[in-house]
Structure formats: C-alpha cells, structure tokens
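All remarks here apply to the structure that follows.
Here, each number is a calculation from the coordinates, and none is a lab measurement. What you see is a predicted model, and the numbers here were worked out from it, not measured in a lab. Cβ placement follows ideal geometry from the backbone for every residue including glycine, while neighbour counts extend to all protein chains displayed.
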Amino acid sequence: PKRGYGPYINLSPEERELFRLIRKARDESGLSTTMRVAGGWVRDKLLATPEFTRTYGKVIGDGKKNKKKNNKNSINSKNASTAGSMQRFQQHEPVDIDIALDDMLGREFAELLNECLSKMGEKTHGVGVVLKNPEKSKHLETATMKVGTFWIDFVNLRAEEYTQDSRIPDLMRIGTPSEDAFRRDLTINSLFYNVNNGQVEDWTGRGFEDLRRCVVSTPLAPLTTLLDDPLRTLRSVRFAARLRFTMDDALVEAAMDDRVRKALAEKVSRERIGCEVDLMLRSPDPVGAMRLLINLNLARTVFPIEKLLSTTSTTSISSSSSSKNEDEDQDDFYEDLFERGLDLLSTNYDQLEECKLFPPVWCNKSYQGSYTTHGTQDISLSEDDDALRYMWYASFLKPLYDHSLMIDPLGKNLGKKANRSVVCKLLVDELKRPTREAEAVGKIMKGANDFKQLMDCGGDFSAVSILLSDIRVHEVNDDNISSSSSSSDDDVSDISSNASQGGVGSRKMKCSMNGQDVYTATENDPVWDHAMEFRLQCSNIMRKVGPLWRAALFLAMSEHITEALQDDLDYVIEGDIVDESQEDLRQREIERYDSVGTAMQRIGLVGIYEQKPLMDGGEVKKVLPNIPKGPIFRDIMDEQVEWMTLHPCAGADILARHLAQTFPDYQ
C-alpha cells in the first residue's frame, strides 16, 4: 500500500497513551498481530494535518465562487464556511475508535489488554461482545470496551461477498488489509493508521489523493459497489455533505442508474434510509445533501410522497386526458415540490449563517437575562442542535405540508389517524423517525404559517409601535416592585393575592410604557391596548409551538424572503440592479421580523408557554362554586389565560372579579 503521513498526525496525549498500552499488550503476549485504526478517525485526523488542510480549504473556497452552478456532483452551497469546516476537524477529538486485527478475534485481544492492565496495577474494563447481526450491519463479532475516555471496538479485517437480492453479505470471512479496504464504501474511509509503526496505509492507492482533491469516490467500480449495498448511495451523499466534498463523476453516474434506485427501494429498510437522512440534516451542509438527493433523482425514493397524497391531489394538476402527459405532469409536480423545499431550506440556512455573524436581538444570546423567561431555560436557536435539525426538516418539507393543507384542509384523506399531517406520516411511517420528532417538525411548520399570517395582518407595525413606545413586561426585584393590585370585594377576599402572575412563588413582574409604570388592570391607553392585543396573538402561537418558537419565526421569515425574491424576479432584469433590488427586499423582510422578535421579548412572551395560572382549579371553584361538570371548566381556564395575557402584572384578586363578572351563572 501507499504509506505515509503518520508523523503528521497530531495525536492527543490520551491517544498516544492508548496506542502505547495496546502495543504493550501485544508485545508482552508475544503476538505478531498488526493493529490498525480504521474508518473515520483516520480520515478526520488527516484532514486536520497541514497538508490536507491547505487543499481542503482551497477546494471549499473555490466552490463558493461557483455558487450559481448546480452541478449534479457538487454540494458546495453559497454559504459554505471554509474556516468553520476546517476548524471542526482541527478541534474534534473522536472518542470512538475502531481497531482492526489481522489474525485474532477482537474478544481475545480485549482480554489480553485487560491482563496487561491488571499486571500494571491498573483498573481493568468490562468487555462487551456484539455478536453477528447482519440486519444492523454487524457482520462479524465485535468486542467493545472503554479505555480511559475512549470506547474501543476491536474488530477483524474482513472480506465480503454479496447476493443479488440483498445488501447483507452472503459470505463473510476474516480478510487481508487490502480486501478490507476495497470492500469499504468510500476510498476516504478505507485508510488505516498502523498502530505498530505509526504510519497511515492507503491500500486502495486512491485514499490520499481523494482526500487531497476533496472527492467522494468508491474503491471498486461504483455501480458494483452501490448495487452490492444501495445504502452506500446515501452514505456517499451524507459524507459529501458532512465534509463538503464533491462526488466523483463515475459515482454520480452510478447513483443515477435506475437499477441503483430500484435496489435502494427494495433492498434497504426504511429505518436505515431514515437514519441516513437524519444524519444528512445533522451535517454541516444539509442544503448540499438535499440538493444531491434531488440532482441524483433519489428524492422520490427517499421521500415517497406520492403514496401519501390523495389521488385527486395529483391528478387534478393535469388537464390532459393522455396518461403519458398526466405522468409527466405528476413528475413535474413532485419535482417542483422538492425544488421549492430546497429553495426554502437554502434561504433558511443562509439566514442562520448570517444570523451567527450579525445576530438580531431576538437571536442574540448576549441579551439573555435582559428579558423575562417565566422561569424557563432560554436557548439560542443557533446553539440548539435539535431545534435546528427539526427546522431543516420543516424547511425542506414545508411545500409538501402546505400543499396537503390546500387539497385536504380537514385531513379527510389521511386515513384513520386523521389528526396526523402528511409530513408526520412521511417522517414516522416512511422514515421511521420518532413520533416526538415528527410532532416537533409539525409544530414548527404550523407555527411558521401562524407567524406569517400575523405578519400579513400588520404584526410588524404593532411591533414597531411597541418598540417606539418602549412598552415592557419584565421581572423586577421584590424590593423594587409596587403593589399592582388591591381587593375591595368581600366576596373574593379569600383568594390568594399575588403582585405578579404565574401562581404562588412566581417571579415579580412589572409593566411600563415610555418609562412609566402601567397599572394593567385599568390602563386604557389605546397604544397599550393595541400592544396587549398583539401580545395575545403572539402568545396563542407560542403556546402551541413552545420552545421551538424561534425556529417557527425563523422559518416564517425565510418563507417571506423566498416569496419576495421570487416575485421580484418576474419584474426585473439581470445585473447589478437585480442584486441590489434583491438585497433590499431581503433586508426589508429581515427588519420586519427583527422588530417582531424583539417586541416579543420586550413584552414578556419568552417562556409564556410555561406560565402557570394565577388560580388553580380549587381557587376557581371558590369564585364560581356552581361550575357544572363538562367542557365549560376548560373554557373558564382558557378565559383566565387570555385575561392574564392581556393584563400582565395584575393580581389574582382582580382576575377573580373578572371571572365572576364573565360567568355570573356559576357564582
């Protein structure tokens, strides 16, 4: 094999000690075993070395210059961050290491390692044995143990042979280093770090060069590799997105082969496909991953949306009686859904990247603590990995969601579980994602639509009014708060009185406008009243979306930007004037949403979805002792929530009087 670059790899002190210990166990046992670290550890270590960093950064930088090209094998999106990508490899220290052995079982070597540790007076470690499980891609026995901060998998070098109708190898045996390298999915994943001599081995002869060129390619003929295991098609896409590499031309051609697409649909479980999609959306470039799926004609295989849509939803788009024309129209329809999803995802991703550099107030973690959160933990969107992943799902699938609402707003065609959206069914039934994740994606999409409707009804003007009038609802210290409520009604004198909302033990709140305290129970200034109506509208959305409200608002902003830019293209010509006009439109939408997001923080809406009622059920029954059983009690509690939202800082005694006046029949 080609060898080299070992001395350039920067081993951490823990890795250096681990490899020393492994060599010691081998030598003291009188073994001739060659131990090789395999897989992503070697690749990522090389990408952090000076030589590969130079070429890696150059290729990514060149990709940014060609951002308007949509090559089938290119994942470079216009927002690719060279510095961020390289920094990730330079700082990342993997905690999982695979060590391949050439002449003994992993379980046997793990036991020898424990014997060595025992002789040294060190703590020994339990060894877990993962038996063969081809369905989970475990084709040979694996021994797992934790040494220091590392989880080590001791495996065997292996060779594989496949049957035509399964992605699971028909024959599996201990192999040579060359056989093990060539049976791997990609050349960049087939490199070995020889623990014995500290050198990196490239048995395919192409791993070093592909890393240097930033290319994803297969060790063997691509078509053979993908047909043997079609899941490698999606793995190729995922690694291209994760590393921001380009797919090899031959690999692209093979991935677009109808036989590969058919094999992917028939030989790979939906659970494995869903797992790969999820990893794509966790990658540094989810836009590039989805772009590749579309360009490789894999989107409809990965996301089988046609079987989820009602028959009338697709046939209605065709005005021709010709079956051939109808099929073409349907193909165009599905392609358009995915393209629009990609556009929205791209816009959303670009806005988040800009937000990291120039964060607005409502996305700036440095402002945390300057507004009330009702006792909840407020996490910045850019630092919430799960929220970001859900937002990427929501962005890409939003056109599908909106289309399903247009053709079936009441969910009549969704089957027995009519409360599930088409997107929820796609994620749970087809991609096998957890229901809670599908529900989170659904909340973001529904919240985005609600925020868009709020903006279309002038929500940004209301927000500007709040900011100009310096209207605030915020927490204050106990010694600074003035009593905002008093009770003179003997009928409700036994109700616990709080100076703030949120129930017993809650935080003290203060309301102000133009620097002056506001007594919310009696304030009738039209500016204040309008602000509180805006507060109620926003709170209704936020109570449904919960902590994902920023993701929903961000998606709504990206949708409005996408729509504004698309509309503008119909009326302008190309050139500098177009770019300037497009930028003006984009900034206008950003400013509109910045005002709304900032106003929502100012008027105490962050965390309002966790706000406790001023009066619990027992206290409500003291005021309204004749409440009948049934849904009316829920209506009364909803009335309480609405009143609390419109009258922040007012106390429970005033709320009790309001409920008594609103529901006099139950006193």
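Report the gain in length on full extension from D249 to T124: 0.36 nm times residue separation, minus Cα-Cα distance, nm rounded to one decimal. Numbers along the way, then the final one.
Values: separation 125, 0.36 × 125 = 45.00 nm, distance 4.92 nm.
Residue separation times 0.36 nm, minus the Cα-Cα distance, leaves 40.1 nm.
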Coil-residue trypsin sites (Lys or Arg not before Pro) of the stretch 622-654, DSSP, other Cβ within 10 Å capped at 12: K629
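Peptides 521-529, 589-597, 433-441: what's the order by average Cβ count within 10 Å, highest mean first? Walk me through the numbers on the way to the answer.
On the way: 521-529: 12.6, 589-597: 20.8, 433-441: 17.4.
Packing proxy ranking, top to bottom: 589-597, 433-441, 521-529.
List, in the order given, every pair from K432/K544; K267/K544; K45/K119; K146/K356; K356/K443; K262/K443 whose Cα-Cα distance in the structure shown is over 29 Å.
Working: K432/K544 24 Å; K267/K544 40 Å; K45/K119 32 Å; K146/K356 37 Å; K356/K443 24 Å; K262/K443 34 Å.
Where the Cα-Cα span goes over 29 Å, the pairs concerned are K267/K544; K45/K119; K146/K356; K262/K443.
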Using the basic label-point model (7 angstrom from Cα toward the beta carbon), what is the D336 to Q516 distance in nanometres? 5.6
Residue separation times 0.36 nm, minus the C-alpha to C-alpha distance between K307 and S269: what's the value? 12.0 nm
Take the alpha carbon atoms of the stretch 631-650, find their center, do the same for the stretch 329-381, and report the distance between the two centers in whole angstrom. 31
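Given 0.36 nm per residue, what is the gain on full extension from K24 to E111 after removing their alpha carbon distance, in nm?
Working: separation 87, 0.36 × 87 = 31.32 nm, distance 1.35 nm.
Between K24 and E111, full extension yields 30.0 nm more.
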